[in-house]
Amino acid sequence: MACKRGALIVLEGVDKAGKTTQCKKLVQALQQSGRPAEMMRFPDRTTTIGQLISAYLEKKSELEDHTVHLLFSANRWEMVPSMKKKLEQGITLVVDRYAFSGAAFTSAKPGFCLDWCKKPDVGLPKPDLVMFLQLSPSEAALRGQFGEERYETSVFQRAVQHKFELLMKDPSVNWQVIDASQNIEGVHDNIMDHSLNAINTAQNQLLGELWK
Ligand code: 2DT
């Protein structure tokens with residue numbers, strides 16, 4: 001019999017919620033428990049497309065808003081063959097941001113509707129689990145200043161949070177809201193519980209297609 005597939009697990013949330021820290025801890029804990037796991041992040045700034053996005057985020061270049069939205073999506077699509085291969089090999093992928101960030105960030109800009117923003121990502125590998133690390137703007141502020149990159153202002157982050165709330169109403173996606181105001185270990189334990197469940201369930205299911 002072919003080996004059981006890995007799970008596609010995504011962490012989303014506004015800035016300062018601790019996504020990257022938690023992704024790393026989750027991968028480490030899964031590996032230590034004998035479950036093959038790898039971390040990925042979007043944007044993946046290492047590819048040619050990713051370098052265009054990175055320069056834009058660092059404000060070293062300007063890109064028209066639709067154009068950069070499509071580049072973010074293309075940056076996910078270019079990774080799909082390798083993602084599918086790894087999942088088939090039984091590797092669980094823990095992903096720091098995915099299409100949900102894509103739709104939430106662009107639709108927080110004036111003149112963009114959520115529906116249009118979702119379109120380029122329709123049909124991407126569907127996550128078995130999406131955890132939203134919930135942190136109020138006041139708690140986020142206590143964690144320090146925003147960085148220097150594009151989008152790192154409290155006004156924009158609030159708009160993004162609202163768009164995430166709309167995306168989370170979609171019952172076709174397995175959303176779990178995680179209270180990110182707890183300490184790092186508490187958040188991790190919660191994330192680990194949900195992930196083990198998703199890994200067990202995914203083993204017996206085909207990989208789905210997002211928003212289709
Ligand atoms: P970090 O590398 O610090 O996570 O910041 N973004 C991300 C988008 O606007 N669209 C997307 O599709 C994705 C994945 C969120 C990356 C910044 O880029 C934003 C913050």
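Every number here is computed from the coordinates shown, using simple stated rules; none is lab data. Just so it is clear, the structure is predicted and the values come from calculations on it, not from any experiment. As a convention, Cβ positions derive from the backbone with ideal geometry for all residues, glycine included, and neighbour counts pool all protein chains shown.
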> What ranking do 59-71, 95-107 get when scored by the average of other Cβ atoms within 10 Å per residue, highest first?
Replying inline: 95-107, 59-71
> Once amide H atoms are placed 1.01 Å from N in the peptide plane, what residues at a sequence separation of 5 or more from THR92, or on another chain, have their amide H within under 5 Å of its amide H?
Replying inline: ALA7, ALA37, GLU38
> Could you state the number of Å between the C-alpha centres of the range 1-34 and the range 175-212?
Replying inline: 8
> Considering only the other residues whose Cβ falls under 13 Å of the Cβ of GLY186, what net charge follows from Lys and Arg at +1 and Asp and Glu at -1?
Replying inline: -3
> Cα axis of helix 19-32 to longest principal axis of the chain: angle in degrees, 0 to 90, nearest 10?
Replying inline: 10
> Among the lysines, which fall within straight-line cross-link reach of LYS85, defined as a Cα-Cα distance under 25 Å, with same-chain neighbours fewer than 8 residues apart omitted?
Replying inline: LYS4, LYS19, LYS24, LYS25, LYS118, LYS119, LYS126, LYS212
> Where a ≥ b ≥ c are the square roots of the eigenvalues of the C-alpha gyration tensor, would you call the range 120-194 rounded, which needs a/c under 1.5, or, failing that, prolate if a/b is larger than b/c, or oblate?
Replying inline: oblate
> Over what distance in Å are the Cα centres of the range 133-150 and the range 37-109 separated?
Replying inline: 22
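To the nearest 0.05, how large is the calculated FRET efficiency for SER136 and GLN203 if R₀ is 35 Å and r is the Cβ-Cβ distance?
For SER136 and GLN203, the calculated efficiency is 0.45.
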>> Applying a 10 Å radius around every beta-carbon, put 42-55, 15-28 in order of their mean neighbour count, most first.
In response: 15-28, 42-55
>> Quick check: from the Cα gyration tensor, does the range 71-212 come out rounded (a/c under 1.5), prolate or oblate?
In response: oblate
>> For the chain, take the longest principal axis of its alpha carbons; what is the angle in degrees between that and the long axis of helix 184-202, to the nearest 10 within 0 to 90?
In response: 60
